[in-house]
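Here the structure comes first, spelled out in structure tokens, and everything after it is commentary.
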Amino acid sequence: MAPSIRVGKQRLVYAVSLVTALWLVVQLAAGLTLHETTWPVAAYPMFDDNPRTIVEFRLLATTRSGQHETIRPQGLGLIADSLRFYLTSQVVAPSGDGAVRPEGARGLARLVRSWNARRPSNPAVVVRLIRDVVPLPTGKRGSLVLLTWGRG
């Protein structure tokens, strides 16, 4: 190998090593300062050790008989995480800020059809999607109806 190529290769290895080391130092600094708001520097609020609020979604049904029932994931044949994923991918924005997706009404209607198919004797006539926000460490729950299906 010619000396000029060897020197060029050494400089390239040095430059890549330097950039990698700087990147690691920036990541370490971001981790130590608990900086969590922007990419590309350690922005993973899902791993936040100190959340400020809890955002939950509820489905509240009024049945043909007039009863008010909370639609639970099991009543849809789902687990809680699956229902939350469905709601945040098909009905509401994943940010939890209360924004409803343009196709959100159709997504809610699919859930209602599934729930009503499992209980034909007393189906839902109105279903409300409710967002609950609980400030931490302690606080009063705030609720907001995001979307309503049915007549009511």
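Quick rundown of the values:
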| quantity | calculated |
| --- | --- |
| Neighbours by Cβ (under 6 Å, 6+ apart or cross-chain): first from segment 93-119, touching a residue at least 24 places away in the same chain (Cβ under 8 Å) and within 24 Å of Q74 (Cβ to Cβ); second of a type in the set (A, V, I, L, M, F, W, C) and assigned to a helix (DSSP H, G or I) | G104/V91; L108/V91; S114/L76; W115/L76 |
| Residues of segment 70-124 classified as in contact with a helix residue (DSSP H, G or I) (Cβ under 8 Å, 6 or more places away or on another chain), surrounded by 15 or more Cβ atoms within 10 Å (Cβ to Cβ) and of a type in the set (V, I, T), total | 4 |
| Some residue of segment 50-62 being over 15 Å from L129 (Cα atoms) and modelled with pLDDT under 75 | yes |
| Cβ pairs under 7 Å, 6+ apart, first in segment 137-152 and in contact (Cβ under 8 Å) with a residue 60 or more places away in the chain, second hydroxyl-bearing (S, T, Y) and surrounded by 11 or more Cβ atoms within 10 Å (Cβ to Cβ) | G152/T62 |
| Within segment 44-152, strands (runs of 3 or more DSSP E) holding 1 or more residues that are in contact with a strand residue (DSSP E or B) (Cβ under 9 Å, 6 or more places away or on another chain) and under 30 Å from Q27 (Cα atoms) | 53-63, 124-135 |
| Selection from segment 72-94 of residues that are under 15 Å from D132 (Cα atoms) and hydrophobic (A, V, I, L, M, F, W, C) | L87, V92, A93 |
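The values are calculated or read from the model by the stated rules, or taken from the named source; none is laboratory data. If you're wondering where the values come from, they're calculated on a predicted model, not measured in any experiment. Because the Cβ atoms are built from the backbone with ideal geometry, glycine has one as well, and the counts that use them run over all protein chains shown.
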